[in-house]
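The values are calculated or read from the model by the stated rules, or taken from the named source; none is laboratory data. The shown structure was predicted, so the numbers you read here are calculated from the model rather than taken from an experiment. Here the Cβ is made from the backbone with ideal geometry for all residues, glycine too, and neighbour counts use every protein chain on show. Accessible surface is based on the protein model in full, side chains and every heavy atom, while ligands, DNA and RNA are left aside. Shrake-Rupley method; radii C 1.70, N 1.55, O 1.52, S 1.80 Å.
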Amino acid sequence: MFHNFTFFVPRTVFGVGESRRLSVYVKKLGAKKALVLYDMGVKKAGVVDPIIEALNKDGIETAVFDKVVADPTMESVDAAADLAVAEKVDILIAVGGGSTIDTGKTARMLVTNGGKAADYTVDKGVDLFTKPGLPYIVVPTTSGTGSEVTFSSVLTNTELDRKVAVRDFQKMPVDYAVLDPETVLTVPPSVTAACGMDVLTHAAEAFLKPSATPFSDAINLYAVELCMQNLETAVKNGSDIEARANMMIACTMAGAGIASCGLHLGHGMAQAMGALWHQPHGITCAWALPYVYEHVCELMPEKSRQLAKAYGIGLNGSETPSEVKDLLFQATWALNKRIGIPTLADRGFTEEKDFEDIIRATAREQKLCQQSIRPFTEEDSRRYYHDLFNR
C-alpha cells in the first residue's frame with residue numbers, strides 16, 4: 001500500500017560543454033550580473049575560468065566569491081550573501097561540489113530575506129523564508145552530494161561542532177542544474193571514490209527507507225546500478241567520460257530520490273563522524289553504509305534482493321534474508337577496498353581513544369537515525385562502531 005507523496009525535480013540540463021552555455025539560462029532568468037561562487041581547488045583545476053569567460057563574452061557581468069570552504073560554516077554563507085548585496089548582483093552561480101552549492105543555496109535566500117544563516121536552521125523550523133531568493137544556477141563539479149536537486153543546505157555550526165540544515169521545500173530548489181561531464185574529468189581518484197560512495201549511500205539508504213515512493217524507488221535503484229557499473233572505472237580511469245557521465249547522472253538521480261523521501265541511519269552515523277572527526281562526507285558515508293544493511297535488510301527482504309541484483313550480486317533464489325544482508329554488507333566493504341576508501345585506522349582513529357566520543361556524537365543525531373524501519377539503540381551503535389573500528 002502506498003502513502004501520499006510529492007515528487008519534484010528542478011530543471012536539469014545535461015550535456016558535454018553545457019557549462020560554457022550558462023548565459024542562455026542567465027538570460028532566461030532575466031539576470032545581468034552574476035556572483036560566481038567556487039573554491040580555489042576548482043579554480044586551480046581549470047574549470048572556473050572558461051565558464052566566467054563565456055559569461056563575460058555573452059554580456060553577463062560577473063563578481064566572484066572564492067572563499068567557499070569544505071563543510072561550509074554559517075559564517076561563510078553569511079559572507080557570500082554580504083558580497084552579493086555589496087556587488088548588487090541579480091543572480092548567483094555555483095561552480096563546485098556540494099559545499100559550494102549549499103553555500104549559494106542559502107546565501108541567495110539571505111540576500112532577499114535578510115538575517116543570518118543561523119536564523120533559518122531546521123531547529124527553528126522549515127519553510128521559514130518569506131520571499132523568493134535570487135535566481136540560482138548550479139554547475140556540479142563532483143558527482144557526490146546531489147545538492148543540485150535538493151531543498152536544503154547542510155551547514156556546519158562551529159560552536160556546537162555539528163552539522164545543521166536550512167530547508168525550504170518551496171523556495172530553495174535551484175532554477176537550473178547544469179550537468180557537464182567535462183567539469184569532473186580532473187577530479188582526483190580519492191575524491192571521485194568518496195563522492196561516489198556518497199551517491200551510492202544516498203540511493204541505497206533512501207531505497208530502504210519506509211517513506212520511499214514508487215518514483216524515488218525507481219530512480220534510486222537505477223542510481224545504485226549505475227554506481228556499481230561505473231564508479232570503479234571513474235576512480236581508476238578518470239578520463240573515461242562515459243563513466244564520469246554515468247556517475248554524474250547517478251548523483252543527480254539519487255539527489256532527487258532523497259529529496260523525495262529523505263535518509264536515515266547511514267547519514268545519522270555519517271554526519272556524526274563528519275562533524276566530530278572532520279572527515280569528508282563521502283568517506284563517512286562509505287563507513288556507514290554497510291551498517292544500514294546490517295540494521296534493516298532482514299526486515300525488508302524483497303527490497304534487499306532488488307538491491308543485491310542492482311549491485312550485480314548473483315542470486316539463485318534460495319538465499320535467506322540474512323544471507324542477502326551479508327552479501328550486501330560484504331560487497332560494500334569490498335568496493336570500499338577496491339576504490340581506496342581509507343579505514344578508521346588509516347585516519348588515525350582507534351577504539352581505545354575515540355569510541356565513546358563517537359557514541360555520544362551519534363546519540364545527538366537521533367532524529368535522523370530513528371527514521372529507519374527499525375529503532376536504533378545505543379546497543380546497536382556500540383556494536384556497529386566496534387565492528388567499524390576493527391576493519
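Quick notes
- Two numbers describe the Cα atoms of the chain: Rg and Dmax, which are 20.2, 65 Å.
- Taking all protein chains together and a 1.4 Å probe, the residues Thr377, Thr6 rank Thr6, Thr377 from largest to smallest accessible area.
- Net dipole in debye of region 207-330 [+1 Lys, Arg Cβ; -1 Asp, Glu Cβ; about Cα centre; nearest 20]: 240 debye
- Using a probe of 1.4 angstrom and keeping all protein chains present, the accessible surface of region 1-56 works out to 58 square angstrom per residue.
- Taking every C-alpha pair closer than 8 Å and separated by at least 6 residues, the mean separation divided by the residue count of region 185-331 gives a relative contact order of 29 percent.
- Each Cα pair under 8 Å and six or more residues apart adds its sequence gap; the mean of these over the residue count of region 273-391 is a relative contact order of 30 percent.
- Accessible area in the full protein assembly, largest first, 1.4 Å probe, for Arg244, Arg383: Arg383, Arg244
- Given charges at beta-carbon only (K, R positive; D, E negative), |dipole| of region 106-182 in Debye: 280 debye
- Each residue of region 114-131 was assigned a 3J(HN,Hα) from its phi angle through the Karplus curve 6.51 cos²θ - 1.76 cosθ + 1.60 (θ = phi - 60°); the sequence is x, x, 10, 4, 4, 6, 10, 6, 5, 5, 9, x, 10, 6, 8, 6, 8, 10 Hz, with glycine and proline shown as x.
- Each principal axis of the Cα cloud of region 306-374 was taken in turn, and the coordinate range along them, longest first, works out to 43, 30, 17 Å.
- Accessible area (Å², 1.4 Å probe, nearest 10) - Glu75: 100 Å²
- Gyration tensor verdict on region 179-288 (Cα atoms; rounded if a/c is under 1.5, prolate if a/b is larger than b/c, oblate otherwise): oblate
- For Gly340, net neighbour charge (Lys/Arg +1, Asp/Glu -1) across residues whose Cβ lies under 11 Å away: +1
- You can think of it this way: the chain between Val85 and Thr320 has 78.7 nm of extra reach, that is 0.36 nm per residue less the Cα-Cα gap.
- Here Asp357 sits with roughly 70 square angstrom of accessible surface, probe radius 1.4 Å.
- Only Cα pairs under 8 Å and 6+ residues apart enter the sum, and on that basis the relative contact order of the chain stands at 15 percent.
- The angle between the Cα long axis of helix 265-277 and the main principal axis of the chain comes to about 70°, on a 0 to 90 degree scale.
- Selection from Thr192, Phe349, Pro173 lying farthest towards where the dipole of the chain points positive, charges on Cβ: Pro173
- Rolling a 1.4 angstrom probe over the chain with all protein chains present gives an accessible area of which 54% lies on carbon and sulfur atoms.
- Inter-probe distance in nm under a simple model that places probes 7 Å from Cα toward Cβ, at Arg162 and Glu356: 1.9 nm
- The chain: angle of helix 378-389 to the longest principal axis, Cα-based, in degrees nearest 10: 80 degrees
- Neighbourhood charge, 12 Å Cβ-Cβ cut-off, centred on Ile283 and excluding it, Lys, Arg +1 and Asp, Glu -1: -1
- For Asp240, the solvent-accessible surface computed with a 1.4 Å probe is close to 50 Å², ligands and nucleic acids excluded.
- In region 199-340, taking the dipole from charged Cβ atoms about the Cα centre, the farthest positive-side position among Gly238, Met273, Cys297 is held by Gly238.
- Angle between the chain longest axis and helix 98-113 axis [Cα atoms, degrees, rounded to 10]: 50 degrees
- Dipole magnitude of the chain about its Cα centre (Cβ charges: Lys, Arg +1; Asp, Glu -1), debye to nearest 20: 800 debye
- Compactness relative to 2.2 N^0.38 Å, alpha carbon Rg of region 56-114: 1.08
- Debye log10 I(q)/I(0) for region 1-120, one point scatterer per Cα, at q = 0.18 Å⁻¹: -0.96
- Near Gly146, once Lys and Arg are set to +1 and Asp and Glu to -1 for all other residues with Cβ below 13 Å from its Cβ, the sum equals -3.
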